[in-house]
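Working notes for the structure below.
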Amino acid sequence: MTGVKNYISLIDSIKSLDKTISVRQTSKPLLSSTIITSEFVDPKVIDSFICTKNDIDINLCAIEYDHIMPYTRQVSVIPAVDRSVYWIGIIKTKNYYPHTFIRPEKLIDKLVNLFTLVDIKVPYKESFNSKYYVASDKTVKLISSLSDSIIDYLTELENITLELKGNTCIYRLDNKPINEAQTKKYIDIGFRLTKKMQSGL
């Protein structure tokens with residue numbers, strides 16, 4: 001099981017390295033009905049932490065799910081399945097957002113957009129539009145809710161997937177098993193994103 005044994009030691013390491021961050025275990029949120037976990041096979045929240053810094057809280061959840069290992073070229077060999085652990089972050093926002101999904105744009109999205117208007121485009125934000133695929137149940141409300149500061153910050157990031165709904169934002173950085181550098185990045189981005197979304201600027 002990739003990551004099961006080391007995520008708690010990573011949390012302990014972060015607490016000892018950065019005394020400005022306090023971490024405590026908290027109840028596990030329900031994430032089974034979210035879009036951001038829909039691609040996971042049998043996802044399960046196995047642990048949940050609240051990280052606090054300068055009166056800002058972020059929820060860091062360890063998600064365990066089946067990860068199919070690369071296929072072998074041998075005939076009649078069933079691919080191995082590993083039960084892996086990944087991080088997902090949850091933050092609270094100042095504004096209420098319509099149900100929205102934002103992820104890095106893929107080649108297939110660019111091709112589809114040549115023929116349809118599925119992907120939402122934010123006016124005057126070409127760098128953001130070329131980098132992310134955006135879908136929402138209320139386009140006008142979403143565009144008016146996303147501040148320039150939030151859009152510019154997301155554009156700066158290398159890779160992030162977001163699901164917004166009401167005053168909750170769930171985010172994921174990648175599909176890699178957890179490690180120390182990645183855990184620190186999750187926490188840092190969570191604090192920065194929360195600050196920008198709380199300010200509403």
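The values are calculated or read from the model by the stated rules, or taken from the named source; none is laboratory data. None of the values given here were measured: they were computed from a predicted structure. When we count neighbours, we look across all protein chains shown, and the Cβ atoms used for this are built from the backbone with ideal geometry, even at glycine.
Among the residues of segment 149-201, those that are in contact with a Gly (Cβ under 6 Å, 6 or more places away or on another chain) and not hydrophobic (A, V, I, L, M, F, W, C) comprise Y171, P177, Y186, G190. Annotation: of all residues in segment 144-167 being more than 12 Å from the chain's Cα centre (by Cα) and β-branched (V, I, T), the one that is nearest to K131 (Cα to Cα) is T155.
Residues that are out of contact with any strand residue (DSSP E or B) (no Cβ under 7 Å at 6 or more places or on another chain) and either surrounded by 12 or more Cβ atoms within 10 Å (Cβ to Cβ) or part of a strand (DSSP E or B) (or both) within segment 49-63 comprise K53, I56, listed in sequence order. Select from segment 15-48 the residues that are among the polar types (S, T, N, Q), within 17 Å of T168 (Cβ to Cβ) and surrounded by 10 or more Cβ atoms within 10 Å (Cβ to Cβ) and list them in ascending order. Hits for segment 15-48 are T26, S32, T34, T37, S38, S48. If the condition is being among the hydroxyl-bearing types (S, T, Y), farther than 21 Å from L193 by Cβ and free of Cβ contacts under 8 Å to residues at least 60 places away in the same chain, then segment 5-59 contributes S9, S16, S27, S32, S33, S38. Among residues of segment 19-60 being closer than 13 Å to I88 by Cβ and among the aliphatic types (A, V, I, L, M), the one that is farthest from the chain's Cα centre (by Cα) is I46. Can you find, within segment 100-128, the residue that is modelled with the lowest pLDDT among those that are surrounded by 15 or more Cβ atoms within 10 Å (Cβ to Cβ) and either among the β-branched types (V, I, T) or in a strand (DSSP E or B) (or both)? My answer is I120.
The set of residues in segment 134-186 being part of a strand (DSSP E or B) and either surrounded by fewer than 19 Cβ atoms within 10 Å (Cβ to Cβ) or without any contact (Cβ under 8 Å) to a residue 40 or more places away in the chain (or both) consists of V134, A135, S136, K165, G166, N167, T168.
Can you find, within segment 121-133, the residue that is nearest to K195 (Cα to Cα) among those that are in contact (Cβ under 8 Å) with a residue 24 or more places away in the chain and aromatic (F, W, Y)? Step through it out loud before you land on a result.
Step one: list which residues in segment 121-133 are in contact (Cβ under 8 Å) with a residue 24 or more places away in the chain, which gives 122, 125, 127-128, 130-133.
Add one more test, that the residue is aromatic (F, W, Y), and what stays is 128, 132-133.
Values: F128: 20, Y132: 21, Y133: 23 Å.
Across segment 121-133, the extreme among qualifying residues is F128.
Only one entry in K131, K94 is surrounded by 15 or more Cβ atoms within 10 Å (Cβ to Cβ) and either out of contact with any Phe, Trp or Tyr (no Cβ under 8 Å at 6 or more places or on another chain) or modelled with pLDDT under 85 (or both), namely K131.
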